[in-house]
Amino acid sequence: MALTLLRGIRTQTLLRANVGLFGTTQRLPLAHLTTRVESVQTTEPKTVPKSIQQATKEAAEQKMQGFEAVIGIETHVQLSTITKAFCSCPYDYGSQPNSTVCPTCMGHPGTLPVLNTKVVECAVKVALALNCEISMTSKFDRKQYFYPDLPKGYQISQFDIPIAEKGYLDLDLPVEFGGGHRRFGITRVHMEEDAGKLLHSESGNYSQVDLNRAGVPLLEIVSEPDMRTGIEAAEYGAEMQRLVRYLGVGNGNMQEGSLRCDVNVSVRPIGQSEFGTKVEIKNMNSFNEISRAIDYEISRQIRLHKESQADEIVQETRLWDESSQKTFTMRKKEGLADYRYFPEPDLPEVVLTSEYVDEIRNSLPELPEAKRRRYENMGLSMQDVIFLANDDNVAHFFDSTLEHGADAKLAANWIMGDMTAYLKDEKLSIDESKLTPLELCEMIASIKNGTISGKIAKEILVELIAKGGTVKSVIEEKDLIQIADPAAIGAMVDKVLADNPKQLEQYRAGKTKLQGYFAGQVMKASKGKASPVLLNKILGEKLKGN
């Protein structure tokens, strides 16, 4: 098998079966190649990354200088299907290079693609969730371009008749970023296959090609240019990740490349209707990086405008370099004519029926936007709403707790507070916790009826998350029932006051903050089991001399 290599470079192709890599050696250093790369090395000094809040502030300041940004995003979602888009090969992230390949996904002559129908189902799910118009008849096309990791020399994609278009995505911005509701248009959703991956040597003298990812099914979701700041773009990407996870069509893990966002950024004087020259940015591995990359690119383009060098802003693809916090030129951007699209002759049209679409529509789960509105109607704050709806597993745990009769605000407080803090420290997800929604409800009820105090509840919570069991069994085993006997608490208060005569004298001389000290001593003596309400009442009376 031979790979198509760049003209003018002397190369040698070799097959190393024992390693599972197709390697290409070359005489020119890798930096001389115009090709897709996974990262960029620079000699720029490393700077401290800006916070999202700082980036947002700077973007707002730039807008006040007489310019505004116009931002659109192309999101590639890797679908969690058992096999690839057009062959029976599986795809397992992290598997040995070139271990999950076949003649079809390797582009061997004479092989024919066969469409995985699960890809169509996932595409319709996403399109419906994005409020798109579904194309009942769509087709596949060949998108021609040449890279070492694209074995056929073209990508099977959709061009002029995508499976869906004209939709929108609703989201709520976090309170710390100004809050508010946003709606961003969706231009189109189309199905396509992924390319392979280049593995660059440390020396930069050669690259190896891993085709495991070639043929993996993708959905490309193209937004309208409706975003104006890096924050909006980052939150759009986060909501898209949330959506695909809720739908179960993909894991959305950016670190694995399962969700990739390429952003298009241009600037224009405020009031101008025409768009400026757009620049595409790649190589961003987190939503935080998306925000910072966009805000840097906005700054760069505004600076060129102000220095009368706007003609230096060209349509190109740039890479974000995290170490230097800057974007760098990767390659000049191709136009549609460069791809020479034409209909894929080896695949028939994709024809949907109304019954098929309605069946998928009826199977959709409650989506993040609907869940946020439901939580908001419960009277929860927007901070609570966004946190709980962010993760489908957290939302399910919260909903299950409410189904057992828990108060919404109290359940939200325990999940967002002590429970999340413990899980974060132990590096656990909520579905790995041994605490059940029923027992969280029981714990909240035990606090309300006076069986245990809030302090004791914290101890019980940790026990149940780590080991499981029931609230009742933990209370009995550890003898944690709250002391609610006025005589017993009164005796403990008397002893504490008798043991601290100096502090008692200071209190009665006007240093009333010492009441907290006395309460703490009583709680310590009771091992945290004294009823706080009853303790404060009795302590207050005795401190007054009653």
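The values are calculated or read from the model by the stated rules, or taken from the named source; none is laboratory data. Keep in mind that what you see is a predicted model, and the values were worked out from it rather than measured. Glycine gets a Cβ as well: all are built from the backbone with ideal geometry, and neighbour counts include every protein chain shown. Each accessible area value is taken on the protein alone, full model and side chains, heavy atoms only, with ligands, DNA and RNA left out. Shrake-Rupley method; radii C 1.70, N 1.55, O 1.52, S 1.80 Å.
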Of (1) surrounded by 15 or more Cβ atoms within 10 Å (Cβ to Cβ); (2) part of a helix (DSSP H, G or I); (3) not aliphatic (A, V, I, L, M), residue 338 satisfies every one except (1)
Sole miss for residue 528 among (1) more than 25 Å from residue 446 (Cβ to Cβ); (2) of a type outside the set (Val, Ile, Thr); (3) assigned to a loop (DSSP other than H, G, I, E, B); (4) open to solvent by less than 80 Å² (accessible area, probe 1.4 Å) is condition (1)
When restricted to 494, 431, 479, the only residue modelled with pLDDT under 90 and more than 20 Å from residue 545 (Cα to Cα) is 479
Reported set for the stretch 483-517 where residues are under 30 Å from residue 471 (Cβ atoms) and part of a helix (DSSP H, G or I) is 486, 487, 488, 489, 490, 491, 492, 493, 496, 516
Residue 173 fails exactly one of (1) at pLDDT below 95; (2) open to solvent by 10 Å² or more (accessible area, probe 1.4 Å); (3) more than 28 Å from residue 343 (Cα to Cα), namely (2)
Scanning the stretch 176-200 for residues that are open to solvent by 20 Å² or more (accessible area, probe 1.4 Å) and assigned to a loop (DSSP other than H, G, I, E, B), the one modelled with the lowest pLDDT turns out to be 178
Picked from the stretch 459-469 (must be under 20 Å from residue 532 (Cβ atoms) and surrounded by fewer than 17 Cβ atoms within 10 Å (Cβ to Cβ)), the residue modelled with the highest pLDDT is 462
Every listed condition ((1) under 25 Å from residue 249 (Cα atoms); (2) under 27 Å from the mean Cα position of the chain (by Cα); (3) modelled with pLDDT of 95 or more) holds for residue 91 save (3)
_Regarding the stretch 311-320, can at least one residue be identified that is among the aliphatic types (A, V, I, L, M), at pLDDT 90 or above and part of a helix (DSSP H, G or I)?_
no
Subset of the stretch 383-407, residues under 24 Å from residue 180 (Cβ atoms) and in contact with a helix residue (DSSP H, G or I) (Cβ under 6 Å, 6 or more places away or on another chain), comes to 383, 384, 385, 387, 388, 389, 392, 394, 395, 398
Of all helices (runs of 4 or more DSSP H) fully inside the stretch 348-437, the set with 3 or more residues that are within 19 Å of the chain's Cα centre (by Cα) and either crowded, with 16+ Cβ neighbours inside 10 Å or not small (Gly, Ala, Ser) (or both) is 368-377, 382-390, 392-403, 420-426
How many residues of the stretch 91-113 are surrounded by fewer than 13 Cβ atoms within 10 Å (Cβ to Cβ) and under 14 Å from residue 217 (Cα atoms)? The answer is 1
Just to be sure, is residue 219 assigned to a strand (DSSP E or B), in contact (Cβ under 8 Å) with a residue 40 or more places away in the chain and open to solvent by 40 Å² or more (accessible area, probe 1.4 Å)?
-> no
Looking at the stretch 258-268, is at least one residue in contact (Cβ under 8 Å) with a residue 40 or more places away in the chain, under 12 Å from the mean Cα position of the chain (by Cα) and assigned to a loop (DSSP other than H, G, I, E, B)?
yes
From the option list 139, 118, single residue qualifying as basic (Lys, Arg) and open to solvent by less than 60 Å² (accessible area, probe 1.4 Å) is 139
Note: among 207, 203, just one is among the polar types (S, T, N, Q) and without any contact (Cβ under 8 Å) to a residue 60 or more places away in the chain, namely 203
Those residues of the stretch 508-536 which are at pLDDT below 85 and among the charged types (D, E, K, R) amount to 508, 527, 529
Residue pairs within 6 Å by beta carbon, gap of at least six or interchain, first lying in the stretch 314-327 and crowded, with 16+ Cβ neighbours inside 10 Å, second of a type in the set (Asp, Glu), listed first then second, are 317/280; 324/44; 327/297
If we ask which residues in the stretch 201-216 are polar (S, T, N, Q) and buried (at least 19 other Cβ atoms within 10 Å of the Cβ), their number turns out to be 3
>> Please determine whether any residue of the stretch 282-294 is exposed (fewer than 13 other Cβ atoms within 10 Å of the Cβ) and of a type outside the set (D, E, K, R).
In response: no
Within the stretch 466-482, restricting to residues that are touching a helix residue (DSSP H, G or I) at 6+ places or on another chain (Cβ under 6 Å) and in a helix (DSSP H, G or I), the one that is farthest from residue 524 (Cα to Cα) is 471
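Table: residues versus (1) assigned to a strand (DSSP E or B); (2) more than 17 Å from residue 71 (Cα to Cα); (3) modelled with pLDDT under 90.
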| position | (1), (2), (3) |
| --- | --- |
| 284 | no, no, no |
| 293 | no, no, no |
| 299 | no, no, no |
| 308 | no, yes, no |
| 328 | yes, yes, no |
If you go through 447, 452, 456, the only one that is in contact with a helix residue (DSSP H, G or I) (Cβ under 7 Å, 6 or more places away or on another chain) and either assigned to a helix (DSSP H, G or I) or open to solvent by 50 Å² or more (accessible area, probe 1.4 Å) (or both) is 447
Of the residues in the stretch 142-170 that are open to solvent by less than 10 Å² (accessible area, probe 1.4 Å) and β-branched (Val, Ile, Thr), the one that is farthest from the chain's Cα centre (by Cα) is 156
Here the residues within the stretch 135-161 that are at pLDDT 95 or above and not in a strand (DSSP E or B) are 135, 136, 139, 140, 158, 159, 160, 161
Every listed condition ((1) modelled with pLDDT of 95 or more; (2) assigned to a helix (DSSP H, G or I)) holds for residue 74 save (2)
